[in-house]
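Data first, discussion second: the structure below is written as structure tokens.
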Amino acid sequence: MRSDLVREPVRPIELVEYGTAVFEGVRLTAPDRRLLDGGAFDSRLRVRQLSGDRLEVTAYQYVGTLRLESCEIRVRPKYLGTDLDVLRMLDHAWSGAHDPLPIRQDFLAGAPNLRDLVCLMVVEHGERLLRRGVRHDYLTVEDDLRVVRGRLLPDRQLLRHHGRLDRLACRFEEHDADIDDNRLCAAALALAARTARVPPVRARARRAAGLFAQHAPTPPGDVRAVMAGLTYHRHNEHYRPAHLWSGLLLTGGGLDGLFTSGPLASRAFLVDMNRLFEAFVTRLLEQGAAGTGLRVDKQVDERRVLHDERTGLSYGAVRPDVLISGLRAGGSYRLPVDMKYKLYGGTKLCPADLYQAFVYAHTLGRPAEGEPPVCALLYPGDASTRHDRVAVRVIDGPVAARVRSVPVDLPAVLAGLAGSDPQGVPARLFSEVLP
């Protein structure tokens with residue numbers, strides 16, 4: 001029996017991100033210990049067996065599930081309300097489809113976990129593609145035929161079929177649906193059909209997986225290589241959201257490069273909230289900048305800042321999360337933006353974050369005339385969170401740079417995106433970021 005098949009329910013244990021909890025009556029099995037001792041989860045979850053059948057779990061910035069034989073560990077978001085909110089952030093940050101997402105009523109057995117929701121999205125988009133008709137494309141095929149088709153390959157013919165005229169080595173174009181666009185979806189549907197824990201979703205996944213397998217029977221291979229090689233155009237743009245959810249499921253939520261498709265991905269689904277927060281807010285800023293005359297560039301390396309005076313070469317790159325630039329008030333303007341998924345609340349900003357932001361401000365910022373350069377530091381926070389404004393001064397001198405903290409109220413933003421004026425949400429955030 002396959003190790004990734006759905007098994008009998010195990011005990012769910014829950015904690016919130018950045019939390020530590022001890023659970024009574026849980027003993028890891030030998031396979032559980034081997035999985036955890038491999039080190040794949042060290043930076044995501046710390047699991048320790050204590051005496052007396054107690055299990056200590058420490059969570060970091062990853063939310064989702066880890067399914068063991070002894071229990072299922074569920075890490076819930078601390079700042080967001082539910083896993084469905086995480087799904088909405090994923091959809092807005094990477095999909096851009098803005099389709100209606102599933103609600104709790106779709107799951108009669110109770111509130112789903114994050115992996116259940118992603119399985120549902122894989123099925124929803126797979127069924128849509130099947131209703132529309134899967135895409136075909138031309139593939140270059142080499143085969144031995146009885147008559148010439150396409151181009152004869154003299155070298156291959158000489159090596160394999162010397163002196164034969166009944167077997168001809170040819171290279172030709174085949175119009176086929178067994179392409180990467182469909183292979184990725186087929187593999188994700190097959191995984192959902194084996195591992196989705198909600199019976200209606202699993203049944204729908206089986207039907208869709210069977211139909212997709214008829215069109216794309218070839219496995220996709222390295223999922224990340226396939227996704228990196230995909231290019232979107234008018235013929236396959238409608239596949240983009242399906243590929244997002246398929247890639248998330250096949251990699252266990254590990255878009256940062258840890259997990260690969262296979263049993264490990266079927267055991268774990270852990271999403272890096274730090275990376276998701278950065279992608280989500282960056283998308284909002286890009287949308288908010290529309291029509292303002294300012295440009296939003298993400299993750300731009302600037303190698304002219306750090307200079308090795310001994311060699312005369314660049315000493316390294318300075319790379320803010322976002323750089324807003326353009327013309328403002330008749331002059332050239334630049335505002336570096338740094339993003340931290342940290343629940344500051346009423347505490348002071350971390351010194352390390354301040355030092356980094358000050359470097360960005362001092363070296364990359366170009367404010368309005370007469371003002372010191374500024375860096376905006378964004379992090380999760382509600383309306384009651386204070387807006388810090390920290391200046392660094394030269395001793396006995398003027399202000400050299402300034403850091404402005406801007407809390408992002410994620411629940412309110414998500415509610416606004418689902419409301420009557422979704423376009424106004426990015427515009428309001430963009431205006432808050434600009435000093």
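The values are calculated or read from the model by the stated rules, or taken from the named source; none is laboratory data. For clarity, every value in this text was computed on a predicted model and none was experimentally measured. As a convention, Cβ positions derive from the backbone with ideal geometry for all residues, glycine included, and neighbour counts pool all protein chains shown. For the accessible areas, the whole protein counts, side chains as well, though only heavy atoms, and no ligand, DNA or RNA atoms are used. Shrake-Rupley method; radii C 1.70, N 1.55, O 1.52, S 1.80 Å.
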Would you look at the GNM of the chain, springs on alpha carbons closer than 10 Å, and say which of GLY381, GLY25, GLY210 moves the most?
GLY25
Measure off, as a whole percent, the carbon and sulfur share of the 1.4 Å-probe accessible area of the chain, all protein chains present.
52 percent
ARG295 to ALA418: extension gain in nm, 0.36 nm per residue of separation minus the Cα-Cα distance?
41.7 nm
Among ALA213, PRO241, ALA383, whose Cα lies farthest out toward the positive end of the dipole of the chain, if unit charges sit on the beta carbon of Lys, Arg (+1) and Asp, Glu (-1)?
ALA213
For the chain, the longest principal axis of the Cα atoms and the Cα long axis of helix 351-364 enclose an angle in degrees, to the nearest 10, of 90 degrees
Only residues of region 162-182 count here: report those whose backbone N is under 11 Å from the spot 7 Å along Cα→Cβ of ARG135, or say none.
179-182
What's the angle, to the nearest 10 degrees (0 to 90), between helix 180-195's Cα axis and the longest principal axis of the chain?
90 degrees
According to the square roots a ≥ b ≥ c of the eigenvalues of the Cα gyration tensor, what is the shape class of region 305-367, taking rounded for a/c under 1.5, prolate for a/b larger than b/c otherwise, and oblate for the remainder?
oblate
In whole angstrom, and with the biggest value first, how far do the Cα coordinates of region 265-420 range along each principal axis?
51, 40, 35
Order these peptides, 178-186, 224-232, 275-283, 289-297, by their mean beta-carbon neighbour count within 10 angstrom, highest first.
178-186, 275-283, 289-297, 224-232
Averaging sequence separations of C-alpha pairs under 8 Å and six or more residues apart, then dividing by the length of the chain, give the relative contact order as a whole percent.
12 percent
How much length would be gained if the chain were fully extended between ARG303 and ARG167, taking 0.36 nm per residue of separation minus their Cα-Cα distance, in nm to one decimal?
43.1 nm
Accessible surface, the chain, averaged per residue in Å² (probe 1.4 Å)
50 Å²
With n ≥ 4 as the cut-off for DSSP H runs, can you work out [θ] at 222 nm for the chain, using -39500 (n - 2.57) per run divided by the number of residues, rounded to the nearest 500?
-10000 deg cm²/dmol
Using a 7 Å offset from the Cα along the Cα-to-Cβ direction at both ARG389 and VAL16, what is the distance between the two label points in nm, to one decimal?
3.1 nm
Only four residue types carry charge here, +1 at the Cβ of Lys and Arg and -1 at the Cβ of Asp and Glu. Report the dipole size of the chain about the Cα centre in Debye, rounded to the nearest 20.
500 debye
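How large is Rg/Rh for the chain, to two decimals, with Cα atoms and a Kirkwood Rh?
1.05
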